[in-house]
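The values are calculated or read from the model by the stated rules, or taken from the named source; none is laboratory data. Predicted, not measured: the structure shown is a model, and the values here were computed from it. Heads up, the Cβs are rebuilt from the backbone with ideal geometry, glycines too, and the neighbour counts pull from every protein chain shown.
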Amino acid sequence: MASTFLQRIRRDETGAMAIEFALIAPALFLMLFGVMQVGMAMQNYNAIRNVSADVARYAMVQYQTGNELSPSQLRTFAENHALGAPYMLDQNRVRVEIDDSVTQRVSGATEMEIRVTYQTDSLLEFADISMPIVRYNRPLFLLDE
């Protein structure tokens with residue numbers, strides 16, 4: 001009787017798929033969330049890159065019309081622009097710095113540097129993986145006439 005019971009258990013495969021899934025599921029979900037995290041970081045990187053390009057374009061147009069903006073005015077424009085459509089970045093996690101360069105590399109131009117930093121959402125906090133920070137730096141040259 002005991003030997004037939006053991007033979008029946010050995011041949012019984014009901015529940016094997018559930019056990020296999022339970023073994024593979026954590027790795028599968030970690031990879032899925034990791035791919036989603038990379039996608040979100042790439043989207044945020046593209047957003048901050050485009051925000052810095054928009055700020056540079058805005059500064060150049062304003063400078064050409066004779067309206068010289070200070071770095072703090074440009075920073076305010078960049079922060080407000082990053083919060084609106086199409087970027088919709090979180091106000092508490094976006095940081096914009098615009099500095100006058102100490103050394104001017106191009107004669108006849110004012111050089112500034114735009115630095116945008118954004119801390120992305122983390123889908124992997126349950127795995128003790130912190131939120132990634134994306135950064136973008138861009139020089140801005142305003143031609144003096």
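Key figures for this structure:
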item	result
Any chance residue 125 is over 26 Å from residue 44 (Cα atoms), at pLDDT below 90 and either surrounded by fewer than 16 Cβ atoms within 10 Å (Cβ to Cβ) or touching a helix residue (DSSP H, G or I) at 6+ places or on another chain (Cβ under 6 Å) (or both)	no
Count of the range 111-145 residues which are farther than 17 Å from residue 39 by Cα and small (Gly, Ala, Ser)	1
Answer residue from the range 56-91, given it is hydroxyl-bearing (Ser, Thr, Tyr) and surrounded by fewer than 17 Cβ atoms within 10 Å (Cβ to Cβ) and is farthest from residue 144 (Cα to Cα) among those	76
Check on residue 77, closer than 30 Å to residue 28 by Cα and over 18 Å from the mean Cα position of the chain (by Cα)	no
Subset of the range 97-131 [of a type in the set (D, E, K, R), closer than 30 Å to residue 25 by Cβ and without any contact (Cβ under 8 Å) to a residue 24 or more places away in the chain]	125, 128
Test: residue in the range 74-94 that is among the basic types (Lys, Arg) and at pLDDT below 90	no
Single residue of the range 30-55 satisfying the filter (more than 19 Å from residue 90 (Cβ to Cβ) and at pLDDT below 95) that is surrounded by the most Cβ atoms within 10 Å (Cβ to Cβ)	33
